[in-house]
Structure formats: structure tokens, C-alpha cells
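Asker: The structure under discussion is supplied below as C-alpha cells; questions concerning it will follow.
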Amino acid sequence: MLPQLLHWFASCPRGLEELLVRELAELGITASAVPGGVAFAGGWDACYRSNLWSRLASRILWRIGEFRYRNEQEVYAAARAVDWPRYFGVERMLRVNVTAQKSPLKSLEFATLRIKDAVVDRFRDALGKRPSVERANPDVRVHAFLEADRGTLYLDTSGEPLFKRGWRAGPAEAPLRENLAAGIIMLTGWQPQEPLLDPMCGGGTLLAEAAAMARGRAPGAKRRFAFEQLNAFDAALWERVKREPAAKETSPQLYGSDNDAKALSAARRNLAEAGVERWVELAQADVLERTSPAPSGVMVMNPPYGERMGTPDELARFYPRLGDALKQRFAGWRCYIFTADLRLPQLIRLQPSRRTPLWNGALECRLYELKIVSGSHRR
Ligand SMILES: C[S@@+](CC[C@H](N)C(=O)[O-])C[C@H]1O[C@@H](n2cnc3c(N)ncnc32)[C@H](O)[C@@H]1O
């Protein structure tokens, strides 16, 4: 029998760790934050529930081994000491991922290969057969995290990362990851009874996440999880977790616009695929000319920022005009701008009331809060 109290690590975009602790608390899970994620102890119900319901986590990893090491050989020995056939069947396709922080090893690729050899050797010794390796579409992912002299081995219970909700219909320009978008919406403090507008909505990620929250939709309802491939999978428990009562449904008022017709049609397709299109009013408009759909509300946007779209000079000309448009037409609104362009507060000529650091992958960004009052002060 596997032990009941298991150890889990939920990874998330950096900057969202505390929010993830709070989100998991609402699922009855007590977690503690570390950079890049949160750790918690619990049974399989906690694993299934967090995979199904977390809007912020990227993956839920099951910690199955910890070790000390100085070189590749010791990493191999530690991975070889794990009873892998106890965890998954030899017919499962395997992938090994290694991430490291301050590891003395010269090549992570070689470490990855050694861990894969260790898993395969353990199977061969026990069963005379070995699992095959599949990089693109594995059934089982083993993750190793190597620090200066310690390593941790995990089995991934999510599979495809959790920000893949199963509704993205087609490619869009520079879309946000769904879990980062959900985090941004949560950081705005938006309540479903308030109007919400994304006037640079692109493929509609922020709108889809806000709609899913308001409708009480489980973010994982349309996808599968890697825990279904593990020996410990308890189908009856999974059915029970899926039947647990969902959050309350509300009827949000969501608005999206973009000046690009292609972006809008991607948004339309994504929102339909997510089953939330009836809650979102979409229109083609330039943010500089867009009128406000309600006397007050929450505006959230992710303008292009140099890295992928829009040159720095174009943006430097755009921000002051955006600031003017907000002051003229959005008095009474709370505006949130997510960007990697740290010149924004100066150039937009509005004083942010809050700036939250967040990472979009390796890119350091900020979520700026601007409260627009009539005649908002110029600096
Ligand atoms: C970084 S993308 C937004 C991505 C979106 N948050 C998502 O996750 O799908 C920026 C969007 O701003 C739009 N855009 C650029 N300039 C605009 C303007 N002046 N008015 C309205 N939309 C604009 C672009 O067409 C693009 O879709």
C-alpha cells in the first residue's frame, strides 16, 4: 500500500506563489510558498482536486525521492534506488526532465540521460523489460530538481501543463498563458458583479479566464491528467472529486475589443470553445477611441511590449495617448496594465497605486494598477 500522506509541489509563474497558497486554501489544502511554487502534504484527493481546480498552478508534482549528490554517478545511483515499477507500468512511455539551481554538474543533458538510464535499468532488472522513451507525448514524466548538493525526484501528475485548459482553438499573437492570465485577474480584485473590459484582448485569454471563474467552471474539466497513467490511480476517488460541488455560478458582464480583426476572430473562437461566449461582448476598436461600456468597472490589458510586438519607440509614443484616453473616457474605472515595459508609469503620466512584480516565463513584468478619477493627476 502507498502511504496516505504524500508530498506535493505545485509550480506556478513566479510572483503568483502567495495567491496559489490562497487558492489551494479554498480547496481545503494548506500549502507553503517557495520561489516558483508551493509545497503541500496530503492524499490523492488533494492531488486530483488541485489538478482539476487550480487556475494558477502549472503542474502538480509528486515528490518520491530526495538525495544528496556530488556527481552524475551519485545522481544515477539515487534514481536507480527508486522502485519505479511500483509507480508505473513498463508499457508507459517515459520522459525525464531536469531543472537545476546552482548544480555543480556540467551538463544537465547528461544528467537527464543518466536518470533515464537509472529508471530503465531498474525496470529491466525487475521485469526483464524496459519502458520506451517518448519526448513529445509521454505518458509519464519524471522531473528531477538539482540544487548545489541535493536533488529531488518527482512524478508529474498533470502531464500537459495545467495552463493548457483544452479550449485554445488556434494560434494567436503573443497570448498570455492561461494561469498567468488567471493570476492577473485575481490580482485586480475583480468581483464577478463588476463590469470587466480588456480593450487589447488579443486571443481573449484574460476574458476566458475571468468568465470561467465567474461561471464556477473547473479549469481542468476538458482535459486529461498524467495521474490517470500511474499505478496508484484511484478511478473511484477521481469520480468523487469530479462530482464535488462546483463554485457558485454568476452572470458576468465582460467586454473585449482589439483593433485587429484577426485577433478578434481568434478570441471569438477561443471563447466559444471554452463555452463562455455568451458572457462576453466583443467589438473591433482602437483602445485610444474605445468608449466605456459602464460608468465604472475593471479594465485589464496586456499591450504589446517590444519583445514580441511593437517597437520601443512606437510604445513610447503610444503610452501618453493611452493615458489621455483613460482619463477622458474611463473616470471611475480601475485599470490594470500588465507589461514588461518598465517605462510605462513614466510615459503614461498616471501614478500607479500598486505595482506587482510578475514573471512571464523568464521575463520580468509588472502589473500596474491605475485608479482613474476625473481629472486624474498629471505628474
Ligand atoms: C500582447 S497582445 C494581447 C494578448 C492577449 N492578452 C491574450 O492573452 O491573448 C496585444 C494585443 O493588443 C492589440 N493592439 C495593439 N494596438 C492596439 C490598439 N491601438 N487598440 C486596440 N488593440 C491593440 C494587438 O492587436 C494584440 O492583439
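Asker: Based on what the data block shows, is residue 312 surrounded by fewer than 20 Cβ atoms within 10 Å (Cβ to Cβ), closer than 24 Å to residue 263 by Cα and within 13 Å of the ligand (Cβ to nearest atom)?
Answerer: When the stated conditions are applied, residue 312 does not pass them.
Asker: Here's another thing I want to ask about it. Among the residues of the range 261-270, write down those that are buried (at least 16 other Cβ atoms within 10 Å of the Cβ) and within 11 Å of the ligand (Cβ to nearest atom).
Answerer: Correct list: 263, 264, 266, 267, 270.
Asker: Out of 162, 180, report the one residue that is touching a Leu at 6+ places or on another chain (Cβ under 8 Å) and not polar (S, T, N, Q).
Answerer: 180
Asker: Taking the range 144-180 as the search range and keeping residues that are surrounded by 19 or more Cβ atoms within 10 Å (Cβ to Cβ) and more than 18 Å from the chain's Cα centre (by Cα), which one is farthest from residue 87 (Cα to Cα)?
Answerer: Per the stated criteria, the residue is 146.
Asker: Would you pick out the residues in the range 243-283 that are closer than 12 Å to residue 212 by Cβ, modelled with pLDDT of 95 or more and among the polar types (S, T, N, Q)?
Answerer: Of everything in the range 243-283, just one residue is closer than 12 Å to residue 212 by Cβ, modelled with pLDDT of 95 or more and among the polar types (S, T, N, Q), namely 270.
Asker: Among the residues of the range 39-47, are any over 21 Å from the mean Cα position of the chain (by Cα), within 23 Å of residue 164 (Cα to Cα) and hydrophobic (A, V, I, L, M, F, W, C)?
Answerer: Taking every residue of the range 39-47 in turn, at least one turns out to be over 21 Å from the mean Cα position of the chain (by Cα), within 23 Å of residue 164 (Cα to Cα) and hydrophobic (A, V, I, L, M, F, W, C).
Asker: Related question: Does any residue in the range 171-191 that is farther than 16 Å from residue 212 by Cα and in contact (Cβ under 8 Å) with a residue 24 or more places away in the chain come within less than 6 Å, Cβ to Cβ, of a residue that is among the basic types (Lys, Arg) and within 13 Å of the ligand (Cβ to nearest atom) six or more places away or on a different chain, and which pairs are these?
Answerer: Cβ pairs passing all conditions: 174/308.
Asker: For the condition touching a Lys or Arg at 6+ places or on another chain (Cβ under 8 Å) and assigned by TED's automatic domain parsing to the domain that holds residue 287, what is the one hit in 274, 267, 263?
Answerer: Selected residue: 274, the only one of 274, 267, 263 that is touching a Lys or Arg at 6+ places or on another chain (Cβ under 8 Å) and assigned by TED's automatic domain parsing to the domain that holds residue 287.
Asker: Okay, moving on. Just wondering, is there one or more residues in the range 292-309 that are away from the ligand (no atom under 12 Å from the Cβ), at pLDDT below 95, out of contact with any helix residue (DSSP H, G or I) (no Cβ under 6 Å at 6 or more places or on another chain) and closer than 30 Å to residue 344 by Cα?
Answerer: No: the range 292-309 contains no residue that is away from the ligand (no atom under 12 Å from the Cβ), at pLDDT below 95, out of contact with any helix residue (DSSP H, G or I) (no Cβ under 6 Å at 6 or more places or on another chain) and closer than 30 Å to residue 344 by Cα.
Asker: While we're here: When residues of the range 209-227 are filtered for being within 16 Å of the ligand (Cβ to nearest atom) and assigned to a loop (DSSP other than H, G, I, E, B), how many remain?
Answerer: The qualifying residues number 1.
Asker: Still on this structure, I have one more. Suppose we filter 254, 206, 237, 230 for residues that are within 12 Å of the ligand (Cβ to nearest atom) and outside the structural domain of residue 54 (by TED's automatic domain parsing); which single one remains?
Answerer: It is 206.
Asker: Also, quick follow-up: Is it the case that residue 250 is among the β-branched types (Val, Ile, Thr) and in contact with an Asp or Glu (Cβ under 7 Å, 6 or more places away or on another chain)?
Answerer: So residue 250 fails the test.
Asker: In addition: Looking only at residues in the range 214-242 that are crowded, with 19+ Cβ neighbours inside 10 Å and charged (D, E, K, R), which one is modelled with the highest pLDDT?
Answerer: Out of the qualifying residues, it is 215.
Asker: Of the residues 324, 341, 286, which single one is over 20 Å from the mean Cα position of the chain (by Cα), farther than 19 Å from residue 257 by Cβ and either modelled with pLDDT under 95 or among the acidic types (Asp, Glu) (or both)?
Answerer: 341
Asker: What do you reckon, is residue 286 farther than 26 Å from residue 183 by Cβ and either among the hydroxyl-bearing types (Ser, Thr, Tyr) or near the ligand (Cβ under 9 Å from one of its atoms) (or both)?
Answerer: Yes; evaluated as a whole, the condition is true for this residue.
Asker: Let me ask you something else. Give the range 112-151 a look and list any residue that's on the phi < 0 side of the Ramachandran plot and among the small types (Gly, Ala, Ser), or say none.
Answerer: 118, 126, 132, 136, 144, 148, 151
The values are calculated or read from the model by the stated rules, or taken from the named source; none is laboratory data. Worth saying up front: this structure is predicted, and the values here are computed from it rather than measured. For neighbour counting, all protein chains shown are included, and Cβ atoms are generated from backbone atoms with ideal geometry for every residue, glycine included.
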